[in-house]
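The values are calculated or read from the model by the stated rules, or taken from the named source; none is laboratory data. Being a predicted model, the structure only gives us computed values, none of them experimental. Methodologically, a virtual Cβ is constructed for each residue, glycine included, from the backbone with ideal geometry; neighbour enumeration extends over all protein chains shown. With ligands, DNA and RNA removed, areas are computed over all heavy atoms of the protein, side chains included. Shrake-Rupley method; radii C 1.70, N 1.55, O 1.52, S 1.80 Å.
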Amino acid sequence: GTIAKKPYNPILGETFQCYWDLPKELHSAAPPNEGNLSSSGPAPWASYNAVSFVAEQVSHHPPISGFYAECPCKKMYCNGYIYTKSRFLGLSLGVHNIGQVRLHLLEHDDEEYVVTLPSAYGRSILTVPWIELGGKCTINCEKTGYYANIEFHCKPFYGGKKHRLTGEVFQKPDKKPFLRIEGEWNKVITLRPSSDKEEPIIIDTCNMPTIKKKIRKFEAQDERESRRLWRHLTAALHTNDIESATSAKHELEERQRAETRERKEKGIEWQQKVRNMSNTFFVITRFTFVCSCLLLMAMVGYTKRI
């Protein structure tokens, strides 16, 4: 037909780079040899007091995305990968996220926390759509023995709250949790120590500042950067020109097929652009940000006191 299906279908080697400037109250002085810019990393033009990010489509079949991010001033970096499997569930669409995130805290002897991902669901797709997370996740730190089991609860068909989250934090070899987690992942999360002598820790995600990402202008972007790569399709969608959008999508997909044939004929293997950034990559989602808060506050801040 003339209707474009899945207009943004990532192609092999497609990249995306951006950064977020931290609020001034979180800034720290850069080392003398660093200057004002983070000279290496996913966005070399970002400042030392920024979170920089790069993503690349590293496989087309299956569609796997690799990601990496770092914050030099906080001595933190994350890497990971993700691909999805989707299925229709009547009036809902389920997306199973396959992959993991690795969070490194360099100020704590390079502790590494491995985080698995929840599934995502698009509900009421024929009326007023809304999104929720569901499923069990784990967070593990082999060096310290700390680990957490977290569950994102789907809203029951009748009654119940949306976006509910529960979890428990342990330290091996103990079988009893020293911290329990409950709340709504997009609102308020409460961390309750097992000891009655300690006050609970409150994380209010609604009061966290919203910081807009920054990207380079089109002319400064690489040819395969997402916004430049798909600019003609985006322009067509903004004017509701479905025929031109379909044509732009078809042109990119045909170019990808031609490049694949050429590599096969010449016996050339595809080389990832950011493969040397880290052994794996990182995916940033709101879920990951919340889990990072849990890790930093529950497993680092809290555990350093006991």
For segment 42-53, Karplus couplings with θ = phi - 60° (6.51, -1.76, 1.60), whole Hz, Gly/Pro x: x, 9, x, 8, 7, 6, 4, 9, 9, 9, 10, 9
Within segment 72-112, what whole-number % of the accessible surface is contributed by carbon and sulfur, with the 1.4 Å probe and all protein chains included in the calculation? 53
If we sort 69-80, 165-176 on the protection proxy, mean other Cβ atoms within 10 Å, highest first, what's the order? 69-80, 165-176
Heavy atoms of HIS108 accessible to a 1.4 Å probe, total area in Å² rounded to 10: 60
State whether segment 36-168 is rounded, prolate or oblate according to the following rule on the C-alpha gyration tensor (a ≥ b ≥ c being the square roots of its eigenvalues): a/c under 1.5 gives rounded; otherwise a/b larger than b/c gives prolate, and the remaining case gives oblate. prolate
Scoring only Lys, Arg, Asp and Glu (+1, +1, -1, -1) among other residues with Cβ under 14 Å from the Cβ of ARG216 yields +3
What lysines does LYS197 reach when the alpha-carbon gap must be under 22 Å and sequence neighbours fewer than 8 apart in one chain are set aside? LYS175, LYS176, LYS304
Just the accessible area per residue of segment 97-246, please: how many Å² with a 1.4 Å probe? 60
Considering only the other residues whose Cβ falls under 12 Å of the Cβ of ILE202, what net charge follows from Lys and Arg at +1 and Asp and Glu at -1? -1
Of LYS217/LYS249; LYS162/LYS212; LYS85/LYS136; LYS155/LYS187, pairs whose Cα-Cα distance is over 18 Å: LYS217/LYS249; LYS162/LYS212
Stretched fully, the stretch from ARG257 through ASP222 gains (0.36 nm per residue minus C-alpha distance, one decimal, in nm) 10.6 nm
